[in-house]
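Just so it is clear, none of the values below were taken in a lab; they were calculated from the coordinates. Not measured: the values here are computed from a predicted model. Positions of Cβ are generated from backbone atoms using ideal geometry, with glycine treated the same way; all protein chains shown enter the neighbour counts.
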Amino acid sequence: MNNNNINNSEIQEYISSENTKPAVKASNNYVTGELLYIDPAIEKSLLHKLDLCIVAWTTLAFFTDCLNRYNLQNAYIMGMDKDLNLESNVFNWAVTLFFIAGTVLQIPGTVLIGRFSPRLILPSLFVLFGAMVCVTATVHNYQGLWAMRLVAGSIEASIYPGIIFLLGCWYTTPELGKRITIFAGIGNALSGAFGGLIAGAISDTLDGVHGLAAWKWLFIVEGLLTVSIGLTGYPILGDFPHNTKWLTKKEQDVAMLRVKAQGLGVASNTYDWKKITKNVLLNPYSWLLTINFACVFFGFNLVLNFSIILHDIGYPTSFSNYMLTPLYIFMTVASVVFAWTSDRSGDRAFHIVGIQLFIGIWFLILTVSGSEDTSTSLLFVAAYATSINNLAITLCPTWVNEIFRTDHDTRAVVVAVTNAVGYIVTLIINIYTWDVSDSPKFWLGKITNTAFSFGSVVLTIMIWFLLRINFMVPKAIKTREEEEERDDKNEKQHVNT
């Protein structure tokens, strides 16, 4: 079956095949409204394979990625701050440089994943990233830490948007939100839960072993774990519906029918950068979704700094790390529940609106409660309350995938742009608003988060309204061959009339 254009004769041939079971289900084509018939038994087998291979592996791999992406706060309170002289906003720059590199390389990296083989590129990125994290244990000053984080961020840049893009090539709208939440939400949440346990255990047992400080062992252990999981991805991960080798012919055909039903482009054409640029830069959704993602990501700052806050108000290092575990477990359960309701209802906008309104109210409470007198109990409740922002962070790229579903190459670019720019804007502002020297108060950070959470409510409603009135909804980019074929048809119709 052709990997890019599936016509009705091919569908009928598939349905009438003697090997096709009589049980079929109808699915409306997103673009044309025609009925496509899909064997539910084969579809069930297909989804089982996709969940077992792609979703399970990306969840586990992303868990190790997040361990290393966010382990600086653990290392900071394990002695790295004193060993490397991380004063004032030097630590914040170590965090931000990681994502600055990602901003530059996310777009070309995600485009390469879209054009070539995710099965080869993604595992290789995990292996290289894990190796670089291990090397970070050799640094002796903050300049070395900056350099290592910059290189590590360059390697890691395309992992998150690349996986988001890959999942969007396989799953339909009622399925995608749950899968992205499982991969990103659970992967991220498990990293927080087990990251605290791993850091606490290393702090208690490995500090000083072979002359290495606990924070150095943290980088070595978590880096090696990432390398190990990355190596398992080569035989497990799949590519796209038309060329994944561990699918049967019938499963491949059903996968392509599902793609057609969603109006989803999953085969890359010859790049027309002029048209892709126009589809991205001149489309209002690209800008609105990017700004909105930045606003949403601000709401995660309390969770990201929770162990540092606990440590600075007097709790022991191990306790501060261990307290991340129940927080992230709660976040995981809440994310899965709300992701299920989002997929079930087919709604993205008002789930994001509800979460951001809730988050904004909590940061407002923290702001007005006083910059220095926030009680420990209120701090714990606020951390758990704002942790549900994890779901909004995963729903945003899910929405991007769906809005730009019709063109494969444009979707790859927009997913990368939204993620890269959203992250870097947030982190640059965080250098000044969530400066670790302001811990445990972080008053400026709290009031900034309040403003951005409420701003996201407005932006999300605006995007929803524009989609509802069908304003400049992204369309598929026609290749030169398709345009010539269309012109030939029009010319023939003109001659016949």
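So here's what we get for this one:
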item	result
Cα centroid separation - segment 187-236 against segment 48-69, whole Å	16 Å
Shape category assigned to segment 59-113 from the gyration tensor of Cα positions, a/c cut at 1.5	oblate
Ascending count of other beta-carbon atoms within 10 Å, so fewest first, for Phe465, Phe62, Phe380	Phe465, Phe380, Phe62
Radius of gyration and Dmax over the Cα atoms of segment 183-227, both given in Å	11.7, 37
Three-way shape label, segment 383-484, alpha-carbon gyration tensor, a/c 1.5	prolate
FRET efficiency for Tyr37 and Arg344, using Cβ-Cβ distance with R0 set to 22 Å, rounded to 0.05	0.35
Table column - 3J(HN,Hα) (Hz), segment 156-170, Karplus curve with 6.51, -1.76, 1.60, x for Gly and Pro	6, 3, 8, 5, 5, x, x, 6, 4, 4, 4, 4, x, 7, 10
For segment 149-211: rounded, prolate or oblate by the Cα gyration tensor [a/c cutoff 1.5]	oblate
Net charge contributed by nearby residues that have their C-beta within less than 14 Å of Val436 (K/R +1, D/E -1)	-3
Computed FRET value (nearest 0.05) for Val209 with Val135, which takes r as the C-beta separation and R₀ as 25 Å	0.85
